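Worksheet for the structure shown next.
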Amino acid sequence: VIEDVRVRKILDSRGNPTLEVDVITWNGFGRAAAPSGASTGSREVVAFPEGGVDKIIGEVEDVISSELIGMDAEDLQDIDLVLKEIDGTENLSAIGGNTTVAVSMAVAKAAAASYNMPLYKFLGGSMRTEIPYPLGNMINGGAHAGKHAPDIQEFLVVPAGASNITEAVFANSNVHKKIKEFIQLKDKTFTGGKGDEGGWAPNLSNYDALEIQSKACEEVGDEMGIEIRPSLDMAASEMWDSSQEKYLYSQENIARDTAEQIEFVKEIIENYNMFYVEDPLHEGDFQGFSELTSKIGHKCLICGDDIFVTNKEILKEGIDAKAGNSIIIKPNQIGTLTDTYETVKLARENQYVPVVSHRSGETTDETIAHLAVAFSAPLIKTGALGGERIAKLNELIRIEEEVANPQMASLNK
Ligand code: PGA
Ligand code: ZN
């Protein structure tokens, strides 16, 4: 039974305020913090109400605690409903999706703690424990880096051949190191600057970044004797100019219309043997997602982030349009754990691969590591390096150690 709910203002990795919630039950305790995006989808719930974290602490905290005190932390669905009722808006703009998600996650952790169980086990029931492969972030561009960095937002890698999480996270950090060497060979003035998600933020063209990424995957893959595959988050909504109806690549001074964008992405996927490409088209283009997916088939995961925003109803539209074959899962895009779970379930039922993900603004909260395991997500996207990124990766190492017969998730779902 919940005895208290407390909210405090803490720092996120960009130096912005975010909130952390403590939920105290008579025999448990849960703490969770909310992250923030920079390249957000337009149909996400609103992260903070007007007035920000201070308003939440000043006005909302008391309302939430008075409603939740006395409720059973195990009744997460009821609690999530109450949170949505307190807010009362469609997009959670009154109290903020970051408020509801932090409370929802802290409640789940308190419930797990009251059973003396780790969160992944509490939420995952009796399912076999599978550890997700980490999608590591190597080079940052777009909205996550300076204006001379590549237009493509994230150059990622998947250590697809790793046989356990430790090997996987060290493979990613080895590629990260190798990429720094390659960038320095290309640009003597590079001082090691990083973007918001801990990838390097170099002054490189998109093509040079692709070449460096792929060469580093090969070299480290050979050294370690495992397959490492390149991947991308193109965050194409950020490049899309709706007045010209074109994708603007400022590094090469090229504007591509939708057909050219699809052709361009298809070529990249084929030339570099991409494992995964996120948001290759802008968030309104279900048709373009569908065309690309049918051209690529099962060769590559075509993942929707800004287009689906972890929203079950929007994912339904995507399923009907056959747009993509994978979906990013960010709990704060939808606002509660219950709704997050519903979206994962719908994705699974329709063979969309769920990829549990951090945001560009993060804290050291490790909850998403547990969610990825609880949902048996084949992939988790949580960077490669940086304190707020390794918080999740190191938690996965602990989880793997703790379960009896740990297994990496299957990447061929
Ligand atoms: P965001 O970006 O957290 O800044 O929205 C991450 C992503 O696009 O995947
Ligand atoms: Zn994205």
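What to note about this one:
- Angle between the chain longest axis and helix 165-186 axis [Cα atoms, degrees, rounded to 10]: 40 degrees
- Coupling constants for region 56-66 follow from the phi torsions by the Karplus curve (6.51 cos²θ - 1.76 cosθ + 1.60, θ = phi - 60°), and in residue order they are 4, 5, x, 10, 8, 3, 5, 4, 5, 5, 5 Hz; glycine and proline get x.
- Whole-Å distance, taken between Cα centres, linking region 113-147 and region 358-413: 3 Å
- For region 385-402, 3J(HN,Hα) per residue [Karplus equation, 6.51 cos²θ - 1.76 cosθ + 1.60, θ = phi - 60°, Hz, x = Gly/Pro]: 9, x, x, 6, 8, 6, 4, 6, 5, 5, 5, 5, 4, 5, 5, 4, 5, 7
- Accessible-area order (highest first, 1.4 angstrom probe) of the listed residues LYS194, LYS266: LYS194, LYS266
- Residues of the chain: accessible area per residue with a 1.4 Å probe, Å²: 39 Å²
- Rounded to whole Å, sorted largest first: equivalent-ellipsoid semi-axes of the chain, Cα gyration tensor: 34, 23, 20
- The spread of Cα positions in region 73-133, taken along each principal axis and listed from longest to shortest, comes to 38, 29, 14 Å.
- The distance between label points at GLU317 and ASP222 comes to 4.7 nm (points 7 Å beyond Cα on the Cα→Cβ vector).
- Relative contact order for region 1-127, counting Cα pairs under 8 Å that sit 6 or more residues apart, in percent: 33 percent
- Taking the Cα centre of region 151-259 as reference, the dipole from Cβ charges on Lys and Arg (+1) and Asp and Glu (-1) amounts to some 300 debye.
- Put simply, region 66-219 fits an ellipsoid with semi-axes of 41, 22, 11 Å; these come from the alpha carbon gyration tensor as the roots of five times its eigenvalues, largest first.
- Amide H contacts of PHE29: ALA113, SER114, each under 5 Å away and 5 or more positions distant or on a separate chain (H built 1.01 Å from N in the peptide plane; Pro and chain starts excluded).
- Linear extension gain, LYS215 paired with LEU11, 0.36 nm per residue minus alpha-carbon span: 69.8 nm
- For region 257-331, the spherically averaged projection of the C-alpha convex hull amounts to 4.5 nm².
- The convex hull around the C-alpha trace of region 304-413, projected and averaged over every direction, spans 6.9 square nanometres.
- Unit charges at the beta carbon, dipole of the chain: most positive-side option, VAL23, PRO406, ASN253: PRO406
- Amide H contacts of TYR133 (H built 1.01 Å from N, in plane; Pro and chain starts excluded): LEU379, ILE380, ALA409 sit under 5 Å, all sequence-distant by 5 or more or on other chains.
- Under 5 Å from the amide H of ARG229 lie the amide H atoms of VAL158, ALA160, each residue being 5 or more positions distant or on a separate chain, with H modelled from the backbone and absent for Pro and chain starts.
- Seen against the Cα atoms of the chain and their longest principal axis, helix 312-321 is set at about 30 degrees.
- Anchor LYS180: lysines whose Cα lies under 25 Å away (excluding residues fewer than 8 positions away in-chain): LYS147, LYS188, LYS194, LYS215, LYS381, LYS392
- Comparing Cα centroids, region 303-353 and region 163-188 end up 31 angstrom apart.
- Extension gain, ILE57 back to MET117 (0.36 nm per residue minus Cα-Cα distance, nm): 18.6 nm
- Sorted on the mean count of surrounding Cβ atoms within 10 Å across their residues, most packed first, peptides 384-392, 97-105, 331-339 read 97-105, 331-339, 384-392.
The values are calculated or read from the model by the stated rules, or taken from the named source; none is laboratory data. What you are looking at is a predicted structure, and each value in this text was computed from that prediction instead of being measured. Methodologically, a virtual Cβ is constructed for each residue, glycine included, from the backbone with ideal geometry; neighbour enumeration extends over all protein chains shown. Accessible surface is based on the protein model in full, side chains and every heavy atom, while ligands, DNA and RNA are left aside. Shrake-Rupley method; radii C 1.70, N 1.55, O 1.52, S 1.80 Å.
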